[in-house]
Amino acid sequence: MELIIYGEANLRISGYGGCRKTITLGEAVLGLRRLCARRYGTKVRIRFVGTNSQEVTTNKRIAHLLFKYRKSLPIVMLDDKVICKGELPKLSIYEMLDRELE
């Protein structure tokens with residue numbers, strides 16, 4: 001199972017994990033990777049993809065999604081489906097992963 005987070009690493013986000021302070025998206029992704037590795041082991045792969053990466057520019061579908069939701073970064077996809085945009089809700093992501101892995 002693959003969770004892909006599209007955005008800018010230096011994008012500031014708030015409310016990650018119920019916390020009031022703001023952190024960068026890059027920091028949030030690293031934390032999510034560590035927590036998911038502990039919780040799910042190798043069952044879940046988490047990737048961060050920058051909006052200007054070659055993967056985005058060569059994939060028309062992803063480029064279109066990022067253009068469409070450019071005001072709502074980050075965009076989180078689970079197995080090729082958009083599951084959330086504009087935030088990185090750790091608890092909701094866990095719930096979705098738990099359901100998918102049942």
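Please treat every number below as a calculation from the coordinates, not as lab data. For clarity, every value in this text was computed on a predicted model and none was experimentally measured. In this analysis, Cβ positions are derived from the backbone assuming ideal geometry, glycine residues included, and neighbour counts consider all displayed protein chains.
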Quick calc: nm separation of the 7 Å Cα→Cβ label points for Glu55 and Thr24 -> 1.8
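Taking the Cβ of Gly26 as the center, what net charge do the other residues with Cβ under 14 Å away carry, scoring Lys and Arg +1 and Asp and Glu -1? Write down the numbers at each step before the final one.
On the way: positive: Arg12, Arg33, Arg34, Arg47; negative: Glu8, Glu27.
Result for the neighbourhood of Gly26: +2.
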What does the helix-only formula give at 222 nm for the chain: each DSSP H stretch with n ≥ 4 adding -39500 (n - 2.57), the total divided by the residues, and the result rounded to the nearest 500 deg cm²/dmol?
-12500 deg cm²/dmol
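Only loop residues by DSSP count here, and only those with at most 15 other Cβ atoms within 10 Å; note down the trypsin sites (Lys or Arg not before Pro) in region 14-82 that meet that.
On the way: sites: Arg20, Lys21, Arg33, Arg34, Arg38, Arg39, Lys43, Arg45, Arg47, Lys60, Arg61, Lys68, Arg70, Lys71, Lys81; in loops: Arg20, Lys21.
Counting only loop positions with at most 15 other Cβ atoms within 10 Å, the trypsin sites (Lys or Arg not before Pro) in region 14-82 are Arg20, Lys21.
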Where N is the number of residues in the chain, Cα Rg divided by 2.2 N^0.38 Å
1.02
At Leu35 and Glu95, where each label point lies 7 Å from the Cα along Cα→Cβ, what is the point-to-point distance in nanometres?
1.4
What are the lysines whose alpha-carbon lies under 18 Å from the alpha-carbon of Lys60, with same-chain residues fewer than 8 places away excluded?
Lys68, Lys81
